[in-house]
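J.: One structure follows; several queries about it will come next.
The values are calculated or read from the model by the stated rules, or taken from the named source; none is laboratory data. Since the structure is predicted, the reported quantities are computational estimates derived from the model, not experimental observations. Here the Cβ positions follow ideal geometry from the backbone for every residue, glycine too, while neighbour counts run over all protein chains shown.
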């Protein structure tokens, strides 16, 4: 496949959460076209087996490569944790992912090097964040992880500041707060949408870190290195989903802070 600067960036996630990454990319690279894929029919991924996630990831990768994207952004932590080698082996274009970006950003702000990770069960089981923190920060990093499977459906429901969501957050995070953490990685792209509520639960002594801004910075660097940055604007973005496009648009426009003019339903 041949890519030039006019080709779009492909971003994919299990649902609406990856729009946090898409928004950061739009803000950092306002001239770039984006083709987004949210697998809304099969969300959440974090409670599915690694083989199932890898199969879904391969399907979406093929779909986006057929759109002649110049860069693949794996916005789903679960896919990055369990399917990144398969995605990278399929792709003739660069692939960037959220886990290394999130680990590096957490290490940059943590003073005590006591870092918590909340993520889906699959991501936690993979220990991908612990491995990345040790790789980039050394063996003295104290990492504690907690699976929070209920957060994804609560975000998809739009219950971002609901009493039920607060109760769930307090139940999940109470044991982690006993670990004297100073940084908490939001290890799922849905979780930044809960950041105001989570910040209240953990208190001001804990810094919340997600990888959206770091991913956008990395995307800009890769495109600059390859001389593939698009300089013409304004771009047109296309959003593909596998279920409930009207609901996706309704929630997604709040997350993006801008209209979603082209949302398309795809059957996988």
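J.: All but one of (1) in the same structural domain as residue 236 (by TED's automatic domain parsing); (2) without any contact (Cβ under 8 Å) to a residue 40 or more places away in the chain; (3) in contact with a helix residue (DSSP H, G or I) (Cβ under 7 Å, 6 or more places away or on another chain) hold for residue 78; state the number of the condition that does not hold.
T.: All conditions pass for residue 78, except number (2).
J.: Return yes when residue 189 is under 16 Å from residue 11 (Cα atoms), outside any loop (DSSP other than H, G, I, E, B) and modelled with pLDDT under 95 and no when it is not. Before the answer, list the steps.
T.: Details: under 16 Å from residue 11 (Cα atoms): yes; outside any loop (DSSP other than H, G, I, E, B): no; modelled with pLDDT under 95: yes.
So residue 189 fails the test.
J.: Among the numbered conditions (1) crowded, with 16+ Cβ neighbours inside 10 Å; (2) in contact with a strand residue (DSSP E or B) (Cβ under 9 Å, 6 or more places away or on another chain); (3) assigned by TED's automatic domain parsing to the domain that holds residue 120, tell me where residue 180 comes up short.
T.: Looking at each condition in turn, residue 180 falls short on (1).
J.: Residues in segment 135-148: is at least one at pLDDT 95 or above, under 30 Å from residue 58 (Cα atoms), outside the structural domain of residue 38 (by TED's automatic domain parsing) and assigned to a loop (DSSP other than H, G, I, E, B)?
T.: yes
J.: Still on this model: Taking the residues in segment 252-267 that are without any contact (Cβ under 8 Å) to a residue 60 or more places away in the chain and outside any helix (DSSP H, G or I) as candidates, determine which candidate is surrounded by the fewest Cβ atoms within 10 Å (Cβ to Cβ).
T.: Here the answer is 267.
J.: State all residues of segment 15-31 that are touching a helix residue (DSSP H, G or I) at 6+ places or on another chain (Cβ under 8 Å) and surrounded by fewer than 24 Cβ atoms within 10 Å (Cβ to Cβ); if no residue qualifies, say none.
T.: 23, 24, 26, 27, 28, 29
J.: Mind listing whichever residues of segment 104-131 are in a helix (DSSP H, G or I) and either over 27 Å from residue 43 (Cα atoms) or out of contact with any strand residue (DSSP E or B) (no Cβ under 7 Å at 6 or more places or on another chain) (or both)?
T.: Hits for segment 104-131 are 104, 107, 108, 109, 122, 125, 126, 128, 131.
J.: Please go through segment 199-216 and give me each residue that is touching a residue at least 40 places away in the same chain (Cβ under 8 Å), more than 19 Å from residue 12 (Cβ to Cβ) and part of a helix (DSSP H, G or I), ordered by number.
T.: none
J.: Quick one: which of 84, 19 is in the same structural domain as residue 224 (by TED's automatic domain parsing) and free of Cβ contacts under 8 Å to residues at least 40 places away in the same chain?
T.: Working: 19 fails: free of Cβ contacts under 8 Å to residues at least 40 places away in the same chain.
Only one candidate passes the filter, namely 84.
J.: Out of 220, 199, report the one residue that is surrounded by fewer than 18 Cβ atoms within 10 Å (Cβ to Cβ), out of contact with any helix residue (DSSP H, G or I) (no Cβ under 7 Å at 6 or more places or on another chain) and within 21 Å of residue 105 (Cβ to Cβ).
T.: Just a single option satisfies the conditions, and that option is 199.
J.: When you go through (1) in contact (Cβ under 8 Å) with a residue 24 or more places away in the chain; (2) out of contact with any helix residue (DSSP H, G or I) (no Cβ under 9 Å at 6 or more places or on another chain) one by one for residue 249, which number turns out not to apply?
T.: Result: residue 249 fails condition (1) only.
J.: Would you tally the residues in segment 97-123 being surrounded by fewer than 23 Cβ atoms within 10 Å (Cβ to Cβ) and within 17 Å of the chain's Cα centre (by Cα)?
T.: The total comes to 4.
J.: For segment 73-93, check the following and say yes or no: at least one residue is part of a helix (DSSP H, G or I), under 15 Å from the mean Cα position of the chain (by Cα) and within 27 Å of residue 227 (Cβ to Cβ).
T.: Looking for residues that are part of a helix (DSSP H, G or I), under 15 Å from the mean Cα position of the chain (by Cα) and within 27 Å of residue 227 (Cβ to Cβ), one finds at least one in segment 73-93, hence yes.
J.: Which residues, taken from segment 13-45, are assigned to a loop (DSSP other than H, G, I, E, B), over 22 Å from residue 265 (Cβ atoms) and touching a strand residue (DSSP E or B) at 6+ places or on another chain (Cβ under 7 Å)?
T.: 32
J.: Only one of (1) modelled with pLDDT of 95 or more; (2) touching a helix residue (DSSP H, G or I) at 6+ places or on another chain (Cβ under 6 Å); (3) under 15 Å from residue 37 (Cβ atoms) fails for residue 66. Which number is that?
T.: (2)
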